[in-house]
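Quick notes on the structure that follows.
Since every read-out is calculated from the coordinates, none of them should be taken as a lab result. Keep in mind it's a predicted model, so treat the numbers as computed, not measured. Reconstructed Cβ throughout: ideal geometry from the backbone, glycine too, with neighbour counts over all protein chains shown.
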Amino acid sequence: MNVAGSEHVIFKSSPIQGMGGFARADISAGTRVIEYVGEIITKQESLACCEQNNEYIFAIDDARDLDGNVDWNPARFLNHSCEPNCEAQFIEGHIWLVAIREIRAGEEITFNYSYDLEDYREHPCRCGAKSCVGYIVAEEFFEHVRRQGGSRVKAENL
Ligand SMILES: C[S@@+](CC[C@H](N)C(=O)[O-])C[C@H]1O[C@@H](n2cnc3c(N)ncnc32)[C@H](O)[C@@H]1O
Ligand SMILES: [Zn+2]
């Protein structure tokens, strides 16, 4: 698949899974790397999307979500990592993936999907980071997952 890149990111096959985004050149910490765009939907519409396993939903506020599963949102191809180099930030009404450290040219652009613990075993992580917890979960759940043997399961997944 050919996905149009952006100023900082090119899209190609990823060692993590499927397609991923990669830094075109060195990126300094704090840079807005790519905007996560999509359709603004109500929480009710969002619930229907989630029932169909739409993994591209971002919460905007108490009433609205953003559905990033649209052709014009290349950021939907960014993969999750347990040691990400970006984080999603809500800035002036827009969702940006912002660099949380310096990123080297060619490095895969990743962020933590911040999934909760619901059915987390259905989302094994293959980010390849040294500290990978084995599943795609928010950082606040890393310890819980490790206590459940997350890294042991990680080894089985490799
Ligand atoms: C939002 S898409 C990311 C783009 C995806 N690589 C693609 O080609 O469509 C989310 C899906 O990518 C995969 N994925 C993303 N990060 C992953 C990771 N760290 N380990 C395993 N699979 C991952 C999972 O299949 C997940 O359901
Ligand atoms: Zn991981």
* Between ALA48 and ARG121, how many nm apart are label points set 7 Å from Cα along the C-beta direction? -> 3.3
* Structure fact -> Taking a crude spin-label model, label points 7 Å out from Cα along the C-beta direction, the SER13 to GLU39 distance in nm is 3.2
* **Proximal charge balance of ILE109 [Cβ under 15 Å; K/R count +1, D/E count -1]** => -2
* **Highest-MSF residue in the chain out of PRO74, PRO15, PRO84 [GNM, Cα springs under 10 Å]** => PRO15
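So what is Rg over Rh here for the range 2-87, counting just Cα atoms and using Kirkwood for Rh? Intermediate results must be reported in sequence, preceding the final value.
Values: Rg = 14.0 Å, Rh = 14.1 Å.
Checking Rg against Rh, the ratio lands at 0.99.
Based on the alpha-carbon set only, what is the convex hull volume of the range 14-158 divided per residue, in Å³? Can you show the working numbers first?
Numbers: hull volume 17.4 nm³, N = 145.
Taking only Cα atoms, the range 14-158 has a hull volume of 120 Å³ per residue.
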* Max mean-square fluctuation residue, GNM over the chain, Cα-Cα springs under 10 Å, options GLY30, GLY106, GLY93 -> GLY93
* Euclidean distance between Cα centres, the range 118-151 to the range 14-73, Å -> 21
* For the range 71-157, how big is the tail of P(r) above 21 Å, as a whole percent of Cα pairs? -> 33
* Structure fact -> Listed by chain and number, the residues whose amide H is under 5 Å from that of TYR135, excluding neighbours fewer than 5 places away on the same chain and using placed H, are CYS125
